[in-house]
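Report on the structure given below.
The values are calculated or read from the model by the stated rules, or taken from the named source; none is laboratory data. It should be emphasised that the depicted structure is a prediction, and the values quoted were computed from it without experimental measurement. Neighbour counts are summed over all protein chains in view; Cβ atoms, including those assigned to glycine, are modelled from backbone coordinates with ideal geometry.
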Amino acid sequence: MFTHRLFSLRRAGLAVGRTFQALCFVQLFIDHVGAVKLSFGPSMMPTFSAGNNLILEECISPRLNPPRLERGDIITFLKPTEHSVSVCKRILGLPGDTVCYDPAGLHPSMHIIVPQGHVWVQGDNSSHSLDSRAYGPIPMGLIRGKIFAELYPRPRFISNGTTYIA
């Protein structure tokens, strides 16, 4: 009887240990490799639908200086005005680039030079996007990842098809 209970406790301890190891692995994977994220809202239409989209995010290590970012990459970053909210937008300008502040012509066009350590981001659906036109350049320290695939509703890899005109 005693050995049976000891055996059951040992099995329970092994199960708890394996569960703990699995949770640690998942956390390390999310922190250093990538994660599945939920994206919703109209700001990235037509790239992503306005409904719920499952996307794969590759983590950007803050230890990389500068991170591997290019114009046209879709990134996730912490909202500058609310750090608990993650936002998904496309990079239009890197440090040193000059970007047009209001390409729609609703206001007098202004140009801004993206400062070092920042990027300029905009949603693909500019009329329904809160982005660098409202926040200004985004500090690279707020960037969390780069989107490389959509899992749902249209499973596909996301490629950077942007052409840069100097």
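Restricting to segment 7-54, what's the tally of residues that are assigned to a loop (DSSP other than H, G, I, E, B) and closer than 24 Å to His128 by Cβ? Final tally of qualifying residues: 10.
When Phe40 is tested against (1) modelled with pLDDT of 75 or more; (2) of a type in the set (Phe, Trp, Tyr); (3) over 17 Å from the mean Cα position of the chain (by Cα), only condition (3) is not met.
Taking every residue in segment 41-59 that is over 13 Å from Leu151 (Cβ atoms) and pairing it with any residue that is part of a strand (DSSP E or B) and charged (D, E, K, R), at least 6 positions away or on another chain, the pairs with Cβ-Cβ distances below 6 Å are Glu58/Lys146.
Is one or more of the residues making up segment 64-85 surrounded by 14 or more Cβ atoms within 10 Å (Cβ to Cβ), at pLDDT below 80, out of contact with any helix residue (DSSP H, G or I) (no Cβ under 6 Å at 6 or more places or on another chain) and not acidic (Asp, Glu)? There is at least one residue in segment 64-85 that is surrounded by 14 or more Cβ atoms within 10 Å (Cβ to Cβ), at pLDDT below 80, out of contact with any helix residue (DSSP H, G or I) (no Cβ under 6 Å at 6 or more places or on another chain) and not acidic (Asp, Glu).
Look at segment 118-159 and say how many of its residues are polar (S, T, N, Q) and surrounded by 15 or more Cβ atoms within 10 Å (Cβ to Cβ). Talk me through it step by step, then tell me what you get.
Residues of segment 118-159 that are polar (S, T, N, Q), as a first pass: 122, 125-127, 129, 132, 159.
After this cut, where a residue has to be surrounded by 15 or more Cβ atoms within 10 Å (Cβ to Cβ) as well, the list is 122, 125, 129, 132.
Count: 4.
If you filter segment 86-138 down to residues that are closer than 26 Å to Arg68 by Cβ and of a type in the set (Phe, Trp, Tyr), you find that the one that is modelled with the lowest pLDDT is Tyr135.
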